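Read-outs throughout are calculated quantities, based only on the coordinates presented, and are distinct from any laboratory measurement. These figures come from a predicted structure and were not determined experimentally. Positions of Cβ are generated from backbone atoms using ideal geometry, with glycine treated the same way; all protein chains shown enter the neighbour counts.
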Amino acid sequence: MKTIIKIAWRNVWRNKLRSGVVFASVVMGIWAGLFVVSLSIGMMDQSKRSTIETQVSHLKIHAKSYIKDEKLVNNINPATLVELRKLLASEKRVKSVTERTIVDGTVTTAHGFKNVKIVGVDPLMEKTVTTIYDRLDTGTYLNQIKNNPIIVGRSLADDLKLDAGKSVSLSFITADTTSVSIGFKTEGVYSSGNGGFDKAHVFVKQDDLNELLMTEKTIHELAILCNTLEDAGSVADAINTKFTDIEARPWNVVSPELGYTDEMMGTSIMIILSIIIFALTFGIVNTMLMAVLERKRELGMLLCVGMNKRKVFTMIMFETVFLSLAAAPIGLLLSWGTISYFGAYGINLMNVEDAMYQFGYDPMVYTKLDASIYGMITLMIMIAASISSIYPARKALKYNPAEAVRAI
Amino acid sequence: MSVIKTTDLTKVYKQGDYEIHALDGVSVEIENGEFTAVVGPSGSGKTTLLNAIGGLDDPTSGSVFVDDQDITKLKGNKLIDFRMKHIGFVFQAYNLIPVLTAKENVGFVMLLQGASEAEREARTTELLKAVGLGDIMKKRPNQMSGGQQQRVAVARALAPKPAYILADEPTANLDSKSTENLLDIMARLNKEEGITFIFSTHDQRVIDRARRVITMEDGKIISDEKRENEI
């Protein structure tokens with residue numbers, strides 16, 4: 001076996017150019033595949049994180065009636081709210097909580113109007129749960145302007161030609177069903193990374209909004225950050241067990257598409273890697289087939305002098321596996337280096353920033369890849385190499401030794 | 001006592017609607033220690049006869065007995081094993097393994113036979129010295145002349161101590177000096193070790209030294225001449 005392996009290894013390097021081309025193809029194939037996968041994972045991961053940080057949080061609590069119909073009157077019952085606050089204060093898995101008042105309304109400027117959700121927040125509480133305050137393109141976060149400050153999203157500001165310091169009119173229906181239009185002053189413009197969200201949500205101070213709605217402090221939504229994302233489900237269960245008129249929903253229920261991200265990525269990774277491996281397999285089979293055809297006389301001689309078919313098959317198999325696997329460590333190393341570098345410093349896709357923003361992606365993408373995927377592609381290459389060896393090896397076994405030794 | 005015996009050996013190739021009778025009822029007996037040349041024009045059936053005797057190709061009909069074993073009845077790995085143990089081959093184009101050294105090439109068949117490293121070392125060194133290549137044992141085929149490669153091929157054929165060497169046009173690619181050198185080596189091995197040599201050849205230098213010359217034409221033996229000459 002040692003000699004068979006030695007011959008197989010040396011055979012790989014007999015035609016250096018051809019083996020080099022396959023070698024380079026495997027390296028580039030692995031690198032390209034893993035880099036594309038890491039880029040996709042980085043984008044999806046960032047989008048997921050950004051969505052959780054700015055919109056969904058780890059879990060949200062609403063009155064059950066509000067989930068069915070997002071009306072002003074469907075707020076969380078004050079008595080329930082008191083009990084809920086107590087529970088959350090004692091819950092060790094809960095890191096921070098913010099309470100919101102939400103009403104549908106219209107933002108109007110001289111350049112047009114847009115229907116939005118007006119979200120009343122306590123700026124200090126909100127900062128502990130979301131990162132909108134940290135995503136301001138211009139202005140400040142509800143702490144400089146005393147009367148009726150408002151924070152608007154970048155895409156809404158672009159549509160209505162708004163900027164920090166400019167005035168807008170907010171219209172909505174109050175608790176007594178009166179329609180009101182009140183002037184607000186733009187204090188800041190944020191970019192959550194998702195154009196759709198930015199266009200549909202404005203933030204005002206909760207006290208201002210409740211005063212205008214002519215209500216006591218009305219809370220429609222509690223957004224919660226847990227210690228870890230994985231705690232969200234169990235915390236939601238604990239709340240739902242205790243209360244009947246409210247419902248706590250973890251991030252993957254509030255935003256099911258986020259829940260599918262991991263599953264979708266897993267499938268996408270498998271598809272991308274399979275396509276690359278499939279293409280490599282053809283290249284390897286082609287090269288090995290050429291090698292077998294080129295060495296017909298030599299293989300015929302081996303069969304003549306007593307090398308049995310199993311050994312010939314094993315030799316071709318080893319050659320194929322060596323040809324494929326010799327390049328794999330370099331491809332993996334190159335991938336690891338590139339992915340680590342861009343994972344730390346990011347890739348700036350500013351030239352497609354608008355498109356990225358509209359689809360909810362940040363133009364700065366940080367590549368990311370789990371160690372398990374490096375292992376998975378290595379395994380896939382090994383399997384592909386083994387499968388690739390079957391056809392050329394079978395071809396070699398079909399040679400008639402008498403004809404093969406006389407082949408030109 | 002004959003050690004190789006063919007009986008009514010035929011080999012028919014089909015080429016479209018035509019049948020080519022490469023061997024047409026060949027019966028021949030070759031005795032132990034012979035130094036035989038099978039001669040004839042191209043297409044006369046020389047190589048086909050050697051292939052049949054060596055078990056490299058199945059005849060269409062007839063039988064081939066080597067040491068009382070009908071090798072036409074052997075198939076697959078049994079036939080490969082039989083060849084490895086009993087028959088050595090020398091080819092026109094040397095057919096050495098390019099990635100192995102002269103010594104590794106010679107020891108390769110022994111390795112397939114399961115010989116120990118010590119056995120291989122002793123035998124390969126002895127054989128390469130015997131064929132005059134003691135000084136280039138570590139060279140690969142691309143570093144050797146054609147004559148040297150063919151001598152390595154002879155040493156390789158001899159390595160597993162076969163009783164018979166079948167050599168198909170072994171001197172076709174060699175110059176005069178290399179041919180004489182090779183024939184001297186083969187003659188010595190025939191004389192000293194009693195190895196039976198069967199050549200298929202066009203080369204008059206080989207024919208001149210053979211002690212038996214079988215002439216073939218159109219797949220048939222047309223003459224079989226035994227000589228008393230000193231090889």
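A few comments on the model shown:
- Farthest positive-ward along segment A:82-158 dipole, Cα basis, beta-carbon charges - from A:Asn143, A:Thr128, A:Asn115: A:Thr128
- Working from label points 7 Å from Cα in the Cα-to-Cβ sense, the B:Ser61 to A:Tyr341 distance is 7.5 nm.
- Relative counts (whole %) of C-alpha pair distances in chain B, using bins that are 5 Å wide: 1, 7, 14, 19, 19, 16, 12, 7, 3, 1, 0, 0
- Site pair B:Asp184 and A:Ile390 shows an inter-label distance of 5.5 nm when each label is modelled 7 Å from Cα along Cα→Cβ.
- The phi torsions of segment B:197-202, fed into the Karplus equation with coefficients 6.51, -1.76 and 1.60 and a -60° offset, translate into couplings of 10, 10, 10, 9, 7, 10 Hz, rounded to whole numbers, with Gly and Pro shown as x.
- Averaging Cα coordinates gives a centre for segment A:355-396 and one for segment B:20-60; these two points are 56 Å apart.
- Helix runs (DSSP H) in chain B reaching 24 Å along axis by Cα, Kyte-Doolittle at least -1.0: B:176-193
- When you filter the GluC sites (Glu not before Pro) in segment A:57-118 for DSSP loop state and at most 11 other Cβ atoms inside 10 Å of their Cβ, nothing is left.
- Loop sites in segment B:134-231: trypsin sites (Lys or Arg not before Pro), DSSP, at most 12 other Cβ within 10 Å: B:Lys138
- Antiparallel content of DSSP bridges confined to the protein assembly as shown, in %, to 5: 70
- Taking A:Trp13, A:Trp336 and counting other C-beta atoms within 10 Å, the order from fewest to most: A:Trp13, A:Trp336
- Close amide-amide hydrogen proximity is noted between A:Ile246 and A:Lys64, each under 5 Å apart and 5 or more residues distant or on a separate chain (H modeled in the peptide plane; Pro and chain starts excluded).
- The distance between label points at A:Leu289 and A:Lys86 comes to 7.7 nm (points 7 Å beyond Cα on the Cα→Cβ vector).
- Two-site FRET efficiency, A:Asp207 against A:Ala32, from Cβ-Cβ distance with R₀ of 51 Å, rounded to 0.05: 0.40
- Annotation: average projected area of segment A:59-228 is 9.7 square nanometres, based on the convex hull of Cα atoms across all directions.
- Ratio of the Cα radius of gyration of segment A:276-339 to 2.2 N^0.38 Å, where N counts its residues: 1.43
- Among the GluC sites (Glu not before Pro) within segment A:173-257, those in coil by DSSP and having at most 13 neighbouring Cβ atoms inside 10 Å are A:Glu216, A:Glu230.
- Of all DSSP beta bridges in segment A:116-237, antiparallel share, percent nearest 5: 55
- Inter-centroid distance (Cα atoms) of segment B:139-163 relative to segment A:199-274, Å: 79
- Distance between the C-alpha centres of segment B:77-130 and segment A:24-76: 66 Å, rounded to the whole angstrom.
- Exposure proxy ranking, count of Cβ atoms within 10 Å, fewest first, for A:Ile30, A:Ile173, B:Ile195: A:Ile173, B:Ile195, A:Ile30
- Computed over the Cα atoms of chain A, the ratio of the radius of gyration to the Kirkwood radius (Rg/Rh) comes to 1.22.
- Long-range amide H partners of B:Ile165 with built H, under 5 Å: B:Gly88, B:Thr196, B:Phe197, B:Ile198
- Long-range amide H partners of B:Thr60 with built H, under 5 Å: B:Thr10, B:Lys11, B:Val12
- Order of A:Asp245, A:Asp159, A:Asp69, A:Asp198 - criterion: other Cβ atoms within 10 Å of each residue's Cβ, fewest first: A:Asp69, A:Asp245, A:Asp159, A:Asp198
- With θ taken as phi - 60° and the Karplus curve 6.51 cos²θ - 1.76 cosθ + 1.60 applied, the whole-hertz 3J(HN,Hα) list for segment A:181-197 is 10, 10, x, 10, 10, 5, 9, x, 10, 9, 10, 7, x, 10, x, x, 5 Hz, x standing for glycine and proline.
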